[in-house]
Each structure stands twice: as C-alpha cells, then as structure tokens.
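Undergrad: My questions all concern the structure below.
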Amino acid sequence: MTKQPNEKTSPARTRTRANGFGTKYPYTKGRYRWQYRNADGKVLAHGISPDKTSAEKALARVVTEKERGTLANPDRVTVREYAQTWLERQNGVRPQTLRLYRCELEYALKIIGHKQLRTIKYQTIVDTLTTLSKQVMTSARGAGKTMSGRTLGKIRTHLKAVFSEAVRDQLIYVNPTDSVRRVRGREDTGKPVGIALDFPEAARLQELGE
C-alpha cells in the first residue's frame, strides 16, 4: 500500500558503514555500538563507545589492525579473553560488585579460561561445575570450605551471561549453558546446602524485603 504524503513514519535506526564491512549505530543513552566484519559477514571485532566519534575511531583502529594483520581471529578468542570483555561492559555495576563477579568467575576460568570460546559445549560447563562443587574455596568469606551451592549458582549465572553476550556478538551460535541445571554444593559437614537464586529471583526477593 502506498503511503500518502501526509502520513507520519517513525524514524528507523540507521547504520553507517565504514570501509565496506564496518557498522556503527546508536545503542543506548547516546552510546554507539560498532562492529567490523570480514567478507563472509563474520564479526571480527565489536564494541560499545560513548559517542559517535569514539565509535568511528574504534572502527578506524580495527581497520588498521586488519591491514597490518594484527587483528585477533574470533575463532581463537578464549573464554578468559571474552569474560574480560563482558566484565568491562558492566558499566552500571558498582566496583565492589564487579570485583565479586570477577572473583566468582575466576573459579571457572581457572578450568576453562584457556579454552577457545567456540569449543565450549554443554558437557564442558557441566564438568566444570561438578569439579567446582568438590573444590575448596579460597575467598575470604568461604576460605577452607567446600564450595557452596550459592556460589556455584552465581558462577553458573555469570557464565550464562558471558556466553549469552557472545551469542549476541555472533562469536558463537548456541549458549552452552542454556540447559545446564543448578549444581548443589556441600558444606564441610557434608550436608546439602540450598540452591542459589538467579539474578531475577534475587532482585525480586530484595524488592520484597525493602
């Protein structure tokens, strides 16, 4: 159907190409998201910049790295490297909370951090959490104790967030944590402990308590 001249149309989000394979577009609160793809359409680099000019500079830097042959191959990105990217994107999180995220993730990264992101499967995550459920914690709060179900739940939640972000960035196609069930931990006494809440559940519980 042909639109009449006086009809109003909502403005579409526009994307600007750079050098044929780069794109940048408004993201949130004035920030810009940018991506650089190869000839096959695979994302080679990506990020979020505070403004349009910063996004253009980031893309220009990536183009230079690509021409020099120093741009990292996304197929070789490790879990640790991408987990660091995810942590750096948590702009709305308080520093103390971010340190806690980093500490909790580190337990898993010591086991799978060296592996390539695209090689992680469902069973890899299950095996990692199972191994951690038998591990003695080293953090100040739980030092000397076998890892609790609450901590295991947080690690699983963080890993799920990391891999979800990787799917959105088109570095992987499936989140290997999607079907992973919560793993129960055990206290020093050998008795099962409670299952950790997911972030939405925890947030809801906090609301009820306020």
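Undergrad: Out of all the residues in region 12-29, which are surrounded by 13 or more Cβ atoms within 10 Å (Cβ to Cβ) and modelled with pLDDT of 75 or more?
TA: Within region 12-29, GLY22, THR23, LYS24, TYR25, PRO26, TYR27 meet the criteria.
Undergrad: TYR32 passes all but one of (1) open to solvent by 80 Å² or more (accessible area, probe 1.4 Å); (2) modelled with pLDDT of 80 or more; (3) within 19 Å of ARG168 (Cα to Cα); which number fails?
TA: Here TYR32 meets the rest and fails (1).
Undergrad: Residue by residue through region 149-158, note down the ones that are closer than 11 Å to LEU132 by Cβ and under 10 Å from the mean Cα position of the chain (by Cα).
TA: Across region 149-158, there are no qualifying residues.
Undergrad: Could you list, in sequence order, all residues of region 38-48 that are more than 17 Å from the chain's Cα centre (by Cα) and either surrounded by 18 or more Cβ atoms within 10 Å (Cβ to Cβ) or aliphatic (A, V, I, L, M) (or both)?
TA: Selection gives ALA39 alone.
Undergrad: Give the residue that is most open to solvent (accessible area, probe 1.4 Å), with candidates limited to residues of region 152-184 that are without any contact (Cβ under 8 Å) to a residue 12 or more places away in the chain, of a type outside the set (Lys, Arg) and outside any helix (DSSP H, G or I).
TA: Applying the filter and picking the extreme gives TYR173.
Conditions (1) modelled with pLDDT under 75; (2) over 27 Å from LEU105 (Cβ atoms), marked per residue:
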| site | (1), (2) |
| --- | --- |
| SER10 | yes, yes |
| ILE48 | no, no |
| ASP51 | no, yes |
| ARG76 | no, no |
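Undergrad: Out of the residues in region 17-57 that are assigned to a loop (DSSP other than H, G, I, E, B) and of a type in the set (Asp, Glu), which is nearest to GLN90 (Cα to Cα)?
TA: ASP51
The values are calculated or read from the model by the stated rules, or taken from the named source; none is laboratory data. Note that this is a predicted model, so its numbers are computed, not measured. Here the Cβ is made from the backbone with ideal geometry for all residues, glycine too, and neighbour counts use every protein chain on show. Note: accessible area is taken over every heavy atom of the protein model, side chains too, but ligands, DNA and RNA are not part of it. Shrake-Rupley method; radii C 1.70, N 1.55, O 1.52, S 1.80 Å.
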